[in-house]
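The values are calculated or read from the model by the stated rules, or taken from the named source; none is laboratory data. Just so it is clear, the model here is predicted, and its values are computed rather than measured. Cβ coordinates were reconstructed from backbone atoms using ideal geometry, including for glycine residues, and neighbour counts include every protein chain displayed. Note: accessible area is taken over every heavy atom of the protein model, side chains too, but ligands, DNA and RNA are not part of it. Shrake-Rupley method; radii C 1.70, N 1.55, O 1.52, S 1.80 Å.
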Amino acid sequence: MASTPRPVPERLAAPEPGWTIRADVVVVGSGVAGLTAALRVHAREPGLRLLVVTKDVLDAGSTQWAQGGIAAALGPGDTPEQHERDTLVAGAGGCDRDAVRALVTEGPDAVRELIGLGTNFDHDLDGELSLTREGGHHRDRIAHAGGDATGAEIQRALRAAVERAPEIEVIQHALAVDLLLAADRGVAGLTLHVMGEGQRDGVGAVHCRAVVLASGGLGQVFSQTTNPEVSTGDGMALALRAGAALRDLEFVQFHPTVMYLGPDAKGQQPLISEAVRGEGAFLVDFEGVRFMRGVHELADLAPRDVVAKAITRRMHDTGHPHMWLDARHLGAQFWERRFPTILATAREHGVDPVTELIPVAPACHYASGGVATDLWGRCTVPGLYATGEVACSGVHGANRLASNSLLEGLVFSRRIAAVLPGELRPWQPPVTDPRRPGLVAGKLREELQETMTGRAGVLRSATGLAQALDRLAALATDPHGVETGQEAWETTNLLTLSTALASAALAREETRGSHWREDFPDRDDPAWSGHFDATLAAGGVAVTFTPTPPTDGGAL
């Protein structure tokens, strides 16, 4: 079953490259996935020329913002099998069991390697690794650092390791524009736009033998998100235009407890980590009712899709724009020690969690889908690999289990590094690009985001999704003049991914995990257990369904 293609540019309209360099391997992205891939490839094959390109500075991606921690079976009585079961159940039947098994069995060693690099995780009074619990987990298995600054500490350690390896070249402020393809439609390089000075300024070309995408997610598709401004889905869109498939894009996780800043708030919003509920905080409505009781066996620590839906239902039933998180009983000392970053952020926005309820509502948080890969990070385009949030490795299914994201970046970057040096392509020149160029004006971004938030957000229906796709098609062919540049390139990427996402969401006529259809409120395994792949067909984006058995039944 395939959908009718919907129009998007086949490549980004951009100036011809004004400079050219060479590298054996280019890593796009500088978070946990990208830096781990670079470090591991360098360790296995020190003679390769490695280049890391990042859209902003090294610390600007989503890793830096990760609060809760990293999940792994490291505690007494915990096992990879238990972690596997929790992951499969949270994934609502959509996980790849082999990918999940790789994640949970290789995860503990990957975390220990992080510690060996100098990551300072928190420890208890006995000197043991301090572990906490988050939604969907039946064990305390979340390692954290700095209380609620895990991502920042991991980023610090990885960045320091890269700085100790001068052979790894880094180009900052560089947007990956498009892949350069060889005669066999495999990787020959990529074009970059560098905001710099001197020889590497403007659009240039990097000729290479392999590209590892680690460029993060697509959170800026929506008006409200926990993602930073750089999360415009550039790697996903680049891969789609090069011939790769994007899988499971309809499964966008809306984090249930994002601080509500008012009806007009836009862009990146403050996350209230699930770990706060893991330490005993709970949700209440405006009457003080703990509405998660009776909804799920884990109540306030149910998987994120369950909690987000429960909050949204309560908001709709009561007419209120948010619900409340009550963490007052944790006390000032606990807040200051365990969640200093969240405490400071909340106070900056006029709420003191020590004495006041925190207003919360769901907001876009994580793309469970992405560039389809095998168990070793390979994409369908020869020489192209993907890892982290940009990828769909199969570990998240229809809904990501809390704190599995940092672990996925670690484990699958290590897996890519294990195979990439031995299968590097020979140098091949790029061929003339026959793809039709195009651009969407940057000024249309806000309308795009409002369209996706209103029609393809937490609650979806056939009517709303069809309206979203009609509006996106109109934006794709907007006749107003467009100037090339980062704003237009990013907006074009957002439109491309929005079209793929809304197409898959319209086609999936059921509710599963983080995909919630008002008009099809039940999960329907006989009809819809499987995956939608978005590809660039003649004329635009098309989605195709492949049935697979559900993987959460009979989980270990």
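What relative contact order, as a whole-number percentage, does region 400-487 give when Cα pairs under 8 Å and 6 or more residues apart are counted?
31 percent.
How large are Rg and Dmax for region 1-111 when only the alpha carbon atoms are used, in Å?
Spelled out, the Cα radius of gyration and Dmax of region 1-111 are 19.6, 58 Å.
So, with a 1.4 angstrom probe, what is the percent of accessible area on region 15-69 that is carbon and sulfur?
Answer for region 15-69 is 50 percent, counting heavy atoms of protein chains only.
Output the peptides 523-530, 438-445, 238-245 sorted from most to least packed, where packing is the average of other Cβ atoms within 10 Å over each peptide's residues.
Taking the mean over residues of other Cβ atoms within 10 Å, the ranking is 238-245, 438-445, 523-530.
Quick check: residue separation of Arg44 and Asp264 times 0.36 nm, minus the Cα distance between them. What number comes out in nm?
74.2 nm
If the chain between Asp470 and Thr79 were fully stretched, how many nm would it gain, using 0.36 nm times the residue separation less the Cα-Cα distance?
Once the chain is fully extended between Asp470 and Thr79, it gains 135.9 nm.
Give me the tail of P(r) for region 190-338 as a percent: Cα-Cα pairs with distance above 24 Å.
Tail of P(r) above 24 Å: 51 percent of Cα pairs.
Considering only DSSP beta bridges with both partners in the chain, what is the antiparallel share in %, to the nearest 5?
The answer is about 65 percent antiparallel.
Using a Förster radius of 30 Å, what is the FRET efficiency between Arg425 and Thr4 based on their Cβ-Cβ separation? Nearest 0.05, please.
For Arg425 and Thr4, the calculated efficiency is 0.30.
If I stretch the segment between Val57 and Asp109 completely, what's the gain in nm (0.36 nm per residue apart, minus their alpha carbon distance), one decimal?
Here the segment from Val57 to Asp109 would lengthen by 15.9 nm.
In whole Å, what are the extents of region 403-513 along the principal axes defined by its C-alpha atoms, from largest to smallest?
So the three principal-axis extents are 49, 40, 22 Å.
Express the relative contact order of region 374-433 as a whole percentage, based on alpha carbon pairs under 8 Å and six or more residues apart in sequence.
Across region 374-433, relative contact order equals 39 percent.
What is the spin-label model distance, in nm, from Arg313 to Asp124 if the labels are put 7 Å beyond Cα along the C-beta direction?
Taking the simple label geometry, Arg313 and Asp124 are separated by 3.6 nm.
Mind checking which of Val25, Gly288, Ile342 is farthest towards the positive end of the chain's charge dipole, using Cβ charges of +1 (Lys, Arg) and -1 (Asp, Glu) about the Cα centre?
Highest projection toward the positive end goes to Val25.
For the chain, state what percent of all Cα-Cα pairs lands in each successive 10 Å bin, counting from 0 Å until the bin that includes the largest distance.
Reading upward from the zero bin: 4, 19, 31, 28, 15, 4, 0.
Considering all projection directions equally, how large on average is the shadow of the alpha-carbon convex hull of region 424-487, in square nanometres?
Here the figure is 7.8 nm², rounded to one decimal.
Can you run the Rg to Rh ratio on region 106-149? Use alpha carbon positions and the Kirkwood inverse-distance Rh.
The Rg/Rh ratio comes out at 0.97.
Just to be sure I understand: if I project the alpha-carbon convex hull of region 348-430 onto a plane and average over all orientations, what area do I get in nm²?
8.9
Normalising by the residue count of the chain, find the relative contact order in percent from Cα pairs under 8 Å and 6+ residues apart.
Averaging sequence separation for qualifying contacts and normalising by length gives 25 percent for the chain.
Sorting His193, His144, His320 by accessible area (1.4 Å probe), largest first, what list results?
Of His193, His144, His320, the descending order of accessible area is His320, His193, His144.
Need the C-alpha centroid separation for region 462-503 versus region 392-420, integer Å.
Their Cα centres are 29 Å away from one another.
As a test of the formula, what do you get for the chain when each DSSP H run with n ≥ 4 contributes -39,500 (n - 2.57) and the sum is divided by the residue count, at 222 nm and rounded to the nearest 500 deg cm²/dmol?
-9500 deg cm²/dmol
Please report the base-10 log of the normalised intensity I(q)/I(0) for region 176-269, using a Debye sum with one equal scatterer per alpha carbon and no solvent, at each q in 0.18 (1/Å).
The Debye formula, applied to the Cα set alone, gives -0.92.
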